[in-house]
Amino acid sequence: MALSQHDLLRLMESLRTADGIELIRVLVQRILQELIEAEVTAHTGAEPGEHTKTRTTTRNGHRKKVLTTRAGDLDLAIPKVLTGSFFPSPLERRRRIDQALYAAIMEAYVQGVSTRSVDELVKALGGDTRISKSDFSRICGDLDAELGVFRTRPLDHIRFPYIYLDATYCKARVNHQIVSQAVVIATGITEDGGREVLGLMVGDSETEVFWSEFLRSLRERGLTGVRLVIADHHSGLVKAVRKVMLGAAYQRCRVHFLRNVFAVIPKDAAEMVAATIRTIFAQPTAEAVRAQLDTVADMLGRQFPKVQAMLLEAKTDLTAFADFPERHWKKVQSTNPLERVNREIKRRVDVVQILPSSDALERLTTAVLIEMHDEWIACPRRYLPEGSMDTIYPPEDQPDTVTPLQGT
C-alpha cells in the first residue's frame, strides 16, 4: 500500500525527530504496518473501499495490538474482516506465551534449579543461557505490567449471562518445596453471544475462602448480568457461588457428575448407566427434563441405589440449564468449554514441568489466557446466537441487573 502525502510527511517528521533506538522503532513499526495492510489486501482481494470481482470479503475496522520487540513496543493496527478471520503472518500468535515460558526458565536458572533439558529449550527459543538476575527482572517486569493490565481490566463493558468456573492443578516451587497449586479460571458468554476470558487466580487450594475472593474480584471489576454459573460440584466453589453470585442459578457440570457416578458403580455397567443418564439432557422441554430425571432415578435405583440418591439430590443443580433458552442447552450443561483452556495450560506448563514459583505459574497461565481471549474476540462467529438472549434480559431490565455485592 502506497503512503499518502500526509502519511509521508508524518513519517519524515518522526524520522527527523527520532534518534537511535527510537528511529529503528519508528521504521520497524511503519514497515510492519505496511506489510499487514498489504497482506489483508491480498486476503480480501481488494484495496480499502475498492469494489472488484476478486473481492472475497470486506474490511471491518481495526483492533489495536502492541508488539514488544527489542526496538521497543510497536503500536500496530490489525485489520478485521466481515466474514472469516484474519491474522497477519509476520506476527507471532503465541509471543506472550513464549515470553512467559522463557521468563519461567530464566527464573529457574536464577534460582539454581536448571536442568540440561531446560538449557536446550532456552537455546531453541533463541535465548542466552548466561542469564543474570537483572535480565530476569527486566523481562519479568515488562511482562508483569502487560499481564497485570489484563487480569485487572474492567468487566463493565457488557453483561455476561453465563459464566464458567473451573480449576486445574500445576506443580510449582513454594518455600523451597514442590507443591500443587490451583489455577482457578473464569470465562463468560456475553449478552451478544461472544466469549471472553474473565480472570484467573493462583492459590494453594480450592477452598470457599479462595473461591469467594476470586468471585468478589470479578464483581469488583464490574461483572454484571450473571444468570447462570456452570461449574463442578466442589463444596468450596458451590458455597462461594451461592454466597457471592447473588441472583444467579448454579448448573452442576453433567460431565463431572457422570465421573462421580462412575466411582460408585462397577466398570462394566458404566456405559449403560451413562447412556441412561444422558437421556435426561435430550428432552425437549424443562418439564420433560425433570420428569425424565425422576424416571431415570427410579430405573437405576433398582440396581444402583447410590446412583438414585445422587440423581435426586442433584436434581435442582443438574437441571438448572432447563430454565434458559433451549438453543443454549448444549453449551451450558457442562464446563466442557474450559477443557481446551485447561489442556493448553497443561501443555505449556509441561514444558517446564515444575514452575519455579507461584508468580511464574500465574505469569505463564495469564499469557495463555490472553492469547485465547484475543482469538475469541477476533473470531467473527458467535458462540451463541445473538438474538437468542432476548428472553434472558427482558426489555424492562436495566444494564446492571445483578444484586450488588453484599458485605459478606
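The values are calculated or read from the model by the stated rules, or taken from the named source; none is laboratory data. It should be emphasised that the depicted structure is a prediction, and the values quoted were computed from it without experimental measurement. No Cβ is skipped: glycine too gets one built from the backbone with ideal geometry, and neighbour counts run over all protein chains shown.
Looking only at residues in region 239-256 that are among the basic types (Lys, Arg) and in a helix (DSSP H, G or I), which one is surrounded by the most Cβ atoms within 10 Å (Cβ to Cβ)?
The selected residue is Arg254.
Given the criterion outside the structural domain of Lys65 (by TED's automatic domain parsing) and either among the aromatic types (Phe, Trp, Tyr) or under 15 Å from the mean Cα position of the chain (by Cα) (or both), identify the matching residue among Arg173, Arg159, Arg153.
Checking each option against the conditions leaves just Arg153.
Restricting to region 288-344, what's the tally of residues that are crowded, with 21+ Cβ neighbours inside 10 Å and of a type in the set (Ser, Thr, Tyr)?
3
In region 345-375, what residues are surrounded by fewer than 17 Cβ atoms within 10 Å (Cβ to Cβ), modelled with pLDDT of 85 or more and in contact with a helix residue (DSSP H, G or I) (Cβ under 7 Å, 6 or more places away or on another chain)?
None; the set is empty.
Could you please tell me which pairs satisfy a Cβ distance under 7 Å, a separation of 6+ or placement on different chains, a first residue in region 199-218 that is within 15 Å of Gln181 (Cβ to Cβ), and a second residue that is among the aromatic types (Phe, Trp, Tyr) and crowded, with 17+ Cβ neighbours inside 10 Å?
These pairs meet every condition: Met201/Phe214; Gly203/Phe210.
Pick from Arg55, Arg30, Arg63: which is modelled with pLDDT under 85 and in a helix (DSSP H, G or I)?
Criteria check complete, one pass: Arg30.
Six or more apart or on different chains, Cβ atoms under 8 Å: show the pairs whose first residue is in region 283-310 and in the same structural domain as Glu271 (by TED's automatic domain parsing) and closer than 21 Å to Val264 by Cβ and whose second is assigned to a helix (DSSP H, G or I) and of a type in the set (Asp, Glu).
Note: pairs meeting the criteria are Gln308/Asp298.
Right, Val341: out of contact with any strand residue (DSSP E or B) (no Cβ under 7 Å at 6 or more places or on another chain), assigned to a helix (DSSP H, G or I) and at pLDDT 85 or above or not?
So Val341 does not fit the description; no.
Looking for whichever is among the hydroxyl-bearing types (Ser, Thr, Tyr) and in contact with a Phe, Trp or Tyr (Cβ under 8 Å, 6 or more places away or on another chain) here; the options are Thr224, Thr285. Which one fits?
Thr224
From the list Pro399, Pro404, Pro380, Pro394, exactly one residue is more than 20 Å from Ala249 (Cα to Cα), at pLDDT below 85 and in a loop (DSSP other than H, G, I, E, B). Which is it?
None of the others qualify; the one that does is Pro380.
Please find, within region 139-166, the residue that is modelled with the highest pLDDT out of those that are over 14 Å from Leu223 (Cα atoms) and loosely packed, with under 13 Cβ neighbours inside 10 Å.
Ranking the candidates gives Val149 first.
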